[in-house]
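Structure in structure tokens, see below.
The values are calculated or read from the model by the stated rules, or taken from the named source; none is laboratory data. Quick caveat: nothing in here was measured; it's all calculated off a predicted structure. Cβ atoms come from the backbone with ideal geometry, glycine included; neighbour counts cover every protein chain shown.
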């Protein structure tokens, strides 16, 4: 039985992207900011039934490929959960603690987003995947366009958005291996010629591939419920194509074994050569980004931006765009960890990334504080405040750790006595 989770949105009422025509131009509005919803654990016998589930989803529904502990449960964003806890209402946050990979068969989703002007056809995409993972050719899997595809103008018949992004859903024997298998397949696609390096607007070197390596998280939503369209925009998605529906779920441990030392060496060499080709352009792009930031904040030392872009290190003077719309420095965050822990931000280096969406969060409950940004597939930024601020932060961390350890000792004593 293939296990996964269906999510039905309550707030907001729509999860998928929305599309409308404004001044004869197609305009997209982002979705995906789930505040409250219902998670329903699903178990289906074959990939064919999963295909039918895909077709039945609506714009207020999505899937995730982890499983909740309960068959049905209310889920909230972290901020919403705190409010509902105060009302003694049951529910959980959509986190990895509450959604884990199923023990047994599940769905391994491969997300293809074309880079540049070259767009694979369905046949081309599958052949590239089969080249890196030969056993996939005879395994049960589904091909489907992304839900931002196949948009037409009903009044004129004009195709507003053809097929670009695509999904491949694979039935796997052991869903707990999905994270490892995904990273392994990503590496093998590099070996077969489908990996490359590119630069972000800030000059960061980005490792890219024909599939997205950031999607293999059990709590991550797959917005596969179709787009919300305002007339005359209409979506006309083809039916998912099912391959090898009567085959058993594929064993990823057997068919995607660890790379040999020779393969690892070859992969490292390919990436090294790719990086060397980018060096000149990387320096130019970083310098341009630094000059732009200095023109916006001339009082901030150049080295602050140099370290940010070259080392992913954010110094005390670095300014961040918070989820509340205000600007805040790294020193201010570190100076009040109780207040600002888990605060969310726009991407630190490219706040305009993803239409300015909130994509990052700060961890101020660790010895080495950091910000995780989900832009460009995920980047971790270390935080280093000014000397007095870091001294205060470390004193706070030490005190917090001591109190936590005392609590554990009390729990152990109670356990022994009982």
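Considering only the stretch 50-62, state which residues are out of contact with any strand residue (DSSP E or B) (no Cβ under 6 Å at 6 or more places or on another chain) and either outside the structural domain of residue 79 (by the TED database) or buried (at least 16 other Cβ atoms within 10 Å of the Cβ) (or both).
53, 54, 57
From the list 220, 253, 180, exactly one residue is surrounded by fewer than 18 Cβ atoms within 10 Å (Cβ to Cβ) and within 20 Å of the chain's Cα centre (by Cα). Which is it?
The conditions single out 180.
Related question: Pick from 278, 333, 267, 294: which is assigned to a helix (DSSP H, G or I) and without any contact (Cβ under 8 Å) to a residue 12 or more places away in the chain?
Every option except 294 fails the conditions.
Residues that are under 23 Å from the mean Cα position of the chain (by Cα) and farther than 19 Å from residue 386 by Cβ: does the stretch 298-309 have at least one?
Yes, the stretch 298-309 has at least one match.
Another question, if that's okay. Exactly one condition in (1) outside the structural domain of residue 358 (by the TED database); (2) over 28 Å from the mean Cα position of the chain (by Cα) is false for residue 285; which is it?
So residue 285 meets the others, but not (2).
For the stretch 12-32: of the residues being free of Cβ contacts under 8 Å to residues at least 40 places away in the same chain and not in a strand (DSSP E or B), which is surrounded by the fewest Cβ atoms within 10 Å (Cβ to Cβ)?
23
Residues that are farther than 18 Å from residue 216 by Cα, over 22 Å from the mean Cα position of the chain (by Cα) and assigned to a helix (DSSP H, G or I): does the stretch 115-123 have at least one?
For the stretch 115-123, residues farther than 18 Å from residue 216 by Cα, over 22 Å from the mean Cα position of the chain (by Cα) and assigned to a helix (DSSP H, G or I): present.
Here are some residues: 289, 216. Which one is in a helix (DSSP H, G or I) and touching a helix residue (DSSP H, G or I) at 6+ places or on another chain (Cβ under 8 Å)?
From the options 289, 216, the qualifying one is 289.
Among the residues of the stretch 345-373, write down those that are part of a loop (DSSP other than H, G, I, E, B), more than 13 Å from residue 319 (Cα to Cα) and touching a strand residue (DSSP E or B) at 6+ places or on another chain (Cβ under 7 Å).
If the condition is that a residue be part of a loop (DSSP other than H, G, I, E, B), more than 13 Å from residue 319 (Cα to Cα) and touching a strand residue (DSSP E or B) at 6+ places or on another chain (Cβ under 7 Å), then 358, 359, 368, 369 are the ones that fit.
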